[in-house]
1. Residue check: is Ser145 closer than 27 Å to Glu18 by Cα, modelled with pLDDT under 95, open to solvent by 70 Å² or more (accessible area, probe 1.4 Å) and assigned to a loop (DSSP other than H, G, I, E, B)?
2. Tell me, yes or no, whether segment 166-175 has at least one residue that is loosely packed, with under 13 Cβ neighbours inside 10 Å and β-branched (Val, Ile, Thr).
3. Condition first: assigned to a loop (DSSP other than H, G, I, E, B) and open to solvent by 80 Å² or more (accessible area, probe 1.4 Å). Now tell me which residues in segment 48-86 satisfy that.
4. Which one of the conditions (1) part of a loop (DSSP other than H, G, I, E, B); (2) open to solvent by less than 10 Å² (accessible area, probe 1.4 Å); (3) over 19 Å from Lys20 (Cα atoms) does Gly104 fail to meet, given that it meets all the rest?
5. May I ask you to list the residues in segment 103-145 that are farther than 18 Å from Met83 by Cβ, in contact (Cβ under 8 Å) with a residue 60 or more places away in the chain and not hydroxyl-bearing (Ser, Thr, Tyr)?
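The values are calculated or read from the model by the stated rules, or taken from the named source; none is laboratory data. This is a predicted model, so every value here is computed, not measured. A quick note on method: Cβ atoms are made from the backbone with ideal geometry, for glycine too, and the neighbour counts reach across all protein chains shown. Quick note on the areas: whole protein, heavy atoms, side chains included, nothing else; ligands and nucleic acids left out. Shrake-Rupley method; radii C 1.70, N 1.55, O 1.52, S 1.80 Å.
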Amino acid sequence: PPRSTLFPYTTLFRSKREVKDHFLFLGNPGTGKTTIARIFADILNSLEVLPIGQLVEVTRKELVAGYVGQTALAVEKYVDMAMGGVLFIDEAYTLKQGDNDQFGQEAIDTLLKLVEDRRGQFVAIAAGYTKEMGEFLSSNSGMASRFNETVTFRDYKADELAEIFRRRARSEEHTSGL
């Protein structure tokens, strides 16, 4: 086929959608932050925004080491694992536990550098309780500009919880053969 026929298609395939945002997911336990992060990773992959779309879930335990120099390596390891997908930091506010927590501060500082340097190559989501995440944001003056999108998860109402229970019960009936 002539070049003019192929040109629109090659342009279409070269145009890559990008997401350059990192997110804060705020809310109480049980409001769906982790579940939505998993769905979000799948959606970004389906839209070809993220090439792999895996979700790497971490907490302070994985990111903060007990010896000088190991924390930065741990953070980089998990960011590397999340490349092309989503890094989900659950209870991110626990990364730094008090003003004297040098290892926690090292984790935050390393994370901030990597989310900026690798912006567009993966998505980072820091999740936790609303009040405590405010403290997390204040642990470094660059935090708010790096995690520039916020999603607030509200608590479920009693009737919503009842509906979730009913749907799960029906689903269990169908999958267990009852």
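1. On the way: closer than 27 Å to Glu18 by Cα: yes; modelled with pLDDT under 95: yes; open to solvent by 70 Å² or more (accessible area, probe 1.4 Å): yes; assigned to a loop (DSSP other than H, G, I, E, B): no.
No; evaluated as a whole, the condition is false for this residue.
2. yes
3. Pass one, segment 48-86, residues assigned to a loop (DSSP other than H, G, I, E, B): 48-54, 59, 64-69, 83-85.
Within segment 48-86, Glu48, Pro51, Ile52, Tyr67, Val68 qualify.
4. Condition (1) is where Gly104 drops out.
5. Ala127, Gly128, Met133, Leu137
Let's see how each residue does on (1) in contact with a Leu (Cβ under 8 Å, 6 or more places away or on another chain); (2) over 14 Å from Ser139 (Cβ atoms); (3) modelled with pLDDT of 95 or more; (4) of a type in the set (Gly, Ala, Ser):
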{"position": "Thr59", "(1), (2), (3), (4)": "no, yes, yes, no"}
{"position": "Tyr67", "(1), (2), (3), (4)": "no, yes, no, no"}
{"position": "Tyr78", "(1), (2), (3), (4)": "yes, yes, yes, no"}
{"position": "Gly84", "(1), (2), (3), (4)": "yes, yes, no, yes"}
{"position": "Lys96", "(1), (2), (3), (4)": "no, no, no, no"}
{"position": "Asp99", "(1), (2), (3), (4)": "no, no, no, no"}
{"position": "Phe103", "(1), (2), (3), (4)": "no, no, no, no"}
